[in-house]
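Asks: Would you mind keeping the following structure in view while I ask a few things?
The values are calculated or read from the model by the stated rules, or taken from the named source; none is laboratory data. On a predicted model such as this, the values are computed, not experimentally measured, just so you know. We place every Cβ from the backbone using ideal geometry, glycine too, and count neighbours over all the protein chains shown. All accessible areas refer to the heavy atoms of the entire protein, side chains included, with ligands and DNA or RNA removed. Shrake-Rupley method; radii C 1.70, N 1.55, O 1.52, S 1.80 Å.
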Amino acid sequence: MVIALSGIALDAGENRAGPLADTRLFLYQDIAEGVHEGATNTALALVLVHLLGVLYSSLINRENLVRAMITGRKPLSAPDPSKQRGG
């Protein structure tokens with residue numbers, strides 16, 4: 001949401017276009033640009049961390065999480081006897 005709003009403000013400041021074109025946002029163009037760039041870089045970093053986490057989990061658990069995300073199906077694993085309750 002920050003990326004979208006700062007992008008709209010930046011468009012108003014740079015191009016005098018968009019829904020905020022009639023405002024005085026051109027006075028804050030540098031701030032809007034900094035916020036927009038920072039939020040975009042943060043979002044890209046979070047996407048990278050997420051992808052690395054999926055890769056790590058897939059390798060550690062020896063399962064194809066990407067295929068499971070696409071197909072919606074994941075093979076069931078055998079129950080772990082050490083985690084079952086004894087009676």
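Asks: Report the extension gain between residue 58 and residue 76 in nm, rounded to one decimal, defined as 0.36 nm multiplied by the number of residues separating them, less their alpha carbon distance. Write out the running numbers ahead of the final one.
Replies: Numbers: separation 18, 0.36 × 18 = 6.48 nm, distance 1.47 nm.
Extra length available between residue 58 and residue 76 comes to 5.0 nm.
Asks: State to the nearest 20 debye the size of the charge dipole of the chain about its Cα centre, where the only charges are +1 on K and R beta carbons and -1 on D and E beta carbons.
Replies: Dipole magnitude for the chain comes out near 840 debye.
Asks: Carbon and sulfur: what percent of the chain's accessible surface (1.4 Å probe)?
Replies: 62 percent
Asks: Another question about this same structure. For the chain, what is the accessible area per residue in Å² when the probe is 1.4 Å?
Replies: On a per-residue basis, 85 Å².
Asks: Dimensions of the stretch 1-66 along principal axes (Cα, Å, largest first)?
Replies: Here the Cα extents, ordered largest to smallest, are 56, 18, 14 Å.
Asks: Could you put 23, 71 in order of accessible surface area, largest first, with the 1.4 Å probe and the full protein assembly present?
Replies: Listed by decreasing accessible area, they come as 71, 23.
Asks: Once both axes come from the Cα atoms, what is the angle between helix 29-61 and the longest principal axis of the chain, in degrees from 0 to 90, rounded to 10?
Replies: Once rounded, the angle reads 10 degrees.
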